[in-house]
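Let me begin by presenting the structure, written as structure tokens, before commenting on it.
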Amino acid sequence: HYVDYKYLYTGAEDLAGAVDLVKDSLYNFTTDKKFNFSYNTPLGKIVISNGTDDNYPEADYFIILDLSGDDSYESGGANRSYSYPISILIDKSGDDKYLSTNKTKPSFGAGAFGYGFLVDMKGKDEYQAVNLSQGAGCFGVGVLVDYEGDETYDSYTSSQGSGQFGIGILSDLEGND
């Protein structure tokens, strides 16, 4: 038996196109209204927030759209189990902290038997994790794209553009990192 990679990657290509479309739509979007919307779905939690410094504890997130604020993430943008195969995190602005101490669950742009996308559009961000993080794919696709700002990256194994029978991409496009 063998893995048919074109089927594995087809879903990732579709998701990447959708994530890119949302990112482009958010680029010029502005509002002064503060809001926080949260809803649990069979695919995981959906959160849309603006105007506050949010804390995202460990959870199975399907979609996080955070439009502003200096946020703290313990998970998001990584599928953490087979039951939740997709996780997308888009953070528009703010000096954010992506900190995971979990040694067994993927985080921050990791796909393990699924797809995980993290897009950070602007801000001075800090990324710390132990394993399967920061653009890692294990029989899946994990992508972390940071568009601008001065970032720090710290991780130990299977991270930062790592792929085992999958694709892992870490792309930092601008800044002193």
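The values are calculated or read from the model by the stated rules, or taken from the named source; none is laboratory data. Owing to the predicted nature of the structure, the values given are computational and were not obtained by experimental measurement. Here the Cβ positions follow ideal geometry from the backbone for every residue, glycine too, while neighbour counts run over all protein chains shown. Ligands, DNA and RNA are excluded from the accessible area calculation, which covers all protein heavy atoms including side chains. Shrake-Rupley method; radii C 1.70, N 1.55, O 1.52, S 1.80 Å.
Each residue of segment 96-111 was assigned a 3J(HN,Hα) from its phi angle through the Karplus expression (A = 6.51, B = -1.76, C = 1.60, θ = phi - 60°), giving 9, 10, 10, 10, 10, 9, 5, 8, 10, 9, x, 8, 6, x, 10, x Hz with x at Gly and Pro. The apolar share of the surface of segment 1-74, taken as the fraction of accessible area on carbon and sulfur atoms (1.4 Å probe, ligands and nucleic acids excluded), comes to 56 percent. Net length available on complete extension from residue 55 to residue 81 is 7.2 nm, with 0.36 nm assigned per residue and the Cα-Cα distance removed.
The accessible-area ordering, largest first, of the residues 172, 70, 14 stands as 14, 70, 172, per a 1.4 angstrom probe. For segment 1-84, the ratio of Cα radius of gyration to the globular rule of thumb 2.2 N^0.38 Å stands at 1.29. Which loop GluC sites (Glu not before Pro) in segment 82-177, with loop taken from DSSP, have no more than 14 other Cβ atoms within 10 angstrom of their Cβ? Passing both the DSSP loop test and the Cβ count: 174.
Heavy atoms only, probe 1.4 angstrom, no DNA, RNA or ligands counted: give me 104, 52, 152 ranked by accessible area, highest first.
Working: 104 115, 52 50, 152 80 Å².
These residues rank, largest area first, as 104, 152, 52.
Could you compute the FRET efficiency for residue 38 and residue 2, with r as their C-beta to C-beta distance and R0 at 41 Å, rounded to 0.05?
Given R0 = 41 Å and the Cβ-Cβ separation, E is 0.50.
A P(r) calculated from all alpha carbon pairs of the chain, with 10 Å bins opening at zero, reads 11, 43, 36, 9, 1, 0 percent.
Peptides 109-117, 153-161 ordered by packing proxy, namely the average of other Cβ atoms within 10 Å per residue, highest first: 109-117, 153-161.
Look at the dipole of segment 33-104 built from charges on Cβ: of 79, 104, 55, the Cα furthest out on the positive end belongs to 79.
List every residue whose amide H lies under 5 Å from the amide H of residue 161, counting only residues 5 or more places away in sequence or on a different chain, with H placed 1.01 Å from N in the peptide plane. Correct list: 135, 136, 169, 170.
As a rough guide to protection, the peptides 27-36, 90-99 ranked by mean Cβ packing within 10 Å, highest first, stand as 90-99, 27-36.
Of the GluC sites (Glu not before Pro) found in segment 1-98, those that fall in a DSSP loop while having at most 16 other beta-carbon atoms within 10 Å are 58. Note on segment 61-162: lysine pairs with Cα distance below 14 Å, sequence gap of 8 or more or different chains, count 4. Taking amide H positions as modeled 1.01 Å from N, with prolines and chain starts lacking one, the residues under 5 Å from residue 73 and 5 or more places away or on another chain are 56, 97, 98, 99.
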